[in-house]
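Peer 1: Once you've had a glance at the structure underneath, I'll fire off some questions.
The values are calculated or read from the model by the stated rules, or taken from the named source; none is laboratory data. What you are looking at is a predicted structure, and each value in this text was computed from that prediction instead of being measured. Here Cβ is always computed from backbone atoms with ideal geometry, including for glycine, and neighbour counts include all displayed protein chains. Surface accessibility is based on the protein's heavy atoms, side chains included, excluding ligands, DNA and RNA. Shrake-Rupley method; radii C 1.70, N 1.55, O 1.52, S 1.80 Å.
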Amino acid sequence: MKREIVLDTETTGLDPYSGHRVVEIGCVELMGGLRTGAVFHCYLNPERDVPDEAFRVHGLSTEFLGKQGIFAEKVDAFLEFVADSPLVIHNAAFDMKFMNYELERLGFAAMPMARAIDTVMIARKKFPGSPASLDALCKRFEIDLSTRTKHGALLDAELLADVYLELMGGRQAMLLLDPQTSGAAVMEAAGHSPAILETRMFPVSPEEEAAHSAMVAGLKSPMWLEEA
C-alpha cells in the first residue's frame, strides 16, 4: 500500500540563499491516500530574527522561536518520519528549496525534486484558469477553514491532505471494492483496528408476513408466475 507524506513549512522569508530559514515543519502520513493520524511537527529556532512581514503570515515571533530547538536537533527525527516516501507539497519548489538548504548545510543529501508531488500543478491542470491557492481549493471542496486564522505548517499539511484526496478522485476512494485498498485495509495497515460490529437480526413478525402475503395476492399477473 502506497505511503505518502504531506509536507508544509513556514519560513522567515522567501529565499534561503538570502539568509532566510525554516521555522516550522508539519508532516502528515497518508496510506492509500487516506490520513493515518501519524504526524511529524516541530518549531525551529532560525538563529535570526523574524521579519514583520513573515510574522504577519504565520504569527511565530522571534522570542517564541528563540526558545525552540535548531534544525540540527530535529533532522534525524524528520528524516526517519519521511523515510523515502513521496512528498505531497503545495508549491513544491518553495518548500523543497528550503528543506534541501537546511539538509545540505548539515551535510545531508538533498531530496530530489522528482520525489515531490506538487498539488498546485495538479490543481492547475484539473481546473485551468481557476485559483489554485490552498484557501481556494479548500473552498472549492468545502473543506472547513474556520480554524485557519494564520498559516501553520501542521494545520496546512492536514488541510492539504484533504485537498489532495479530492484532487485524486475525492471521497469515492472510500468506496473501492478492492479489499487491499478499502478504508478498513488502510486503517489496519496503519496500525488501527477497524471496529467489528456484531451481526444484527431483524425477524419478521406474523403481522408483517400477513401484510406481505395480502399485498402479493393483490398483484395482477406477477412476472415470477408467468410461464417461460
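Peer 1: Looking only at segment 95-122, count every residue that is hydrophobic (A, V, I, L, M, F, W, C) and touching a residue at least 60 places away in the same chain (Cβ under 8 Å) and tell me the total.
Peer 2: 3
Peer 1: Among the residues of segment 10-23 satisfying the criterion of being more than 18 Å from Met111 (Cα to Cα) and open to solvent by less than 10 Å² (accessible area, probe 1.4 Å), which is nearest to the chain's Cα centre (by Cα)?
Peer 2: Here the residue is Val23.
Peer 1: Moving on to the next point. Restricting the search to segment 107-159, which residues are within 17 Å of the chain's Cα centre (by Cα) and open to solvent by 90 Å² or more (accessible area, probe 1.4 Å)?
Peer 2: Hits for segment 107-159 are Met121, Lys139, Arg140, Glu142, Asp144, Thr147.
Peer 1: Here's another thing I want to ask about it. In segment 15-57, which residues are aliphatic (A, V, I, L, M), more than 30 Å from Gly170 (Cβ to Cβ) and in contact with a helix residue (DSSP H, G or I) (Cβ under 8 Å, 6 or more places away or on another chain)?
Peer 2: Val22, Val23, Leu44, Val50
Peer 1: From the list Phe40, Phe64, which one is touching a Cys at 6+ places or on another chain (Cβ under 9 Å) and in contact (Cβ under 8 Å) with a residue 12 or more places away in the chain?
Peer 2: None of the other options fit; the residue is Phe40.
Peer 1: So, one more: Hey, does segment 44-56 have a residue that's basic (Lys, Arg), under 20 Å from Leu155 (Cβ atoms) and without any contact (Cβ under 8 Å) to a residue 12 or more places away in the chain?
Peer 2: The answer is yes; a qualifying residue exists.
Peer 1: Which helices (runs of 4 or more DSSP H) sit wholly inside segment 113-228 and have at least 1 residues that are at pLDDT below 75?
Peer 2: Output list reads 183-189, 206-217.
Peer 1: Are any residues in segment 10-39 among the polar types (S, T, N, Q) and in a helix (DSSP H, G or I), and if so, which ones?
Peer 2: Within segment 10-39, Ser18 is the sole residue that qualifies.
Peer 1: For segment 40-57, indicate whether the set of residues that are assigned to a strand (DSSP E or B), surrounded by 14 or more Cβ atoms within 10 Å (Cβ to Cβ) and β-branched (Val, Ile, Thr) is non-empty.
Peer 2: no
Peer 1: Right, another one. Only one of Leu79, Leu7, Leu60 is crowded, with 17+ Cβ neighbours inside 10 Å and not in a strand (DSSP E or B). Can you tell me which?
Peer 2: Leu60
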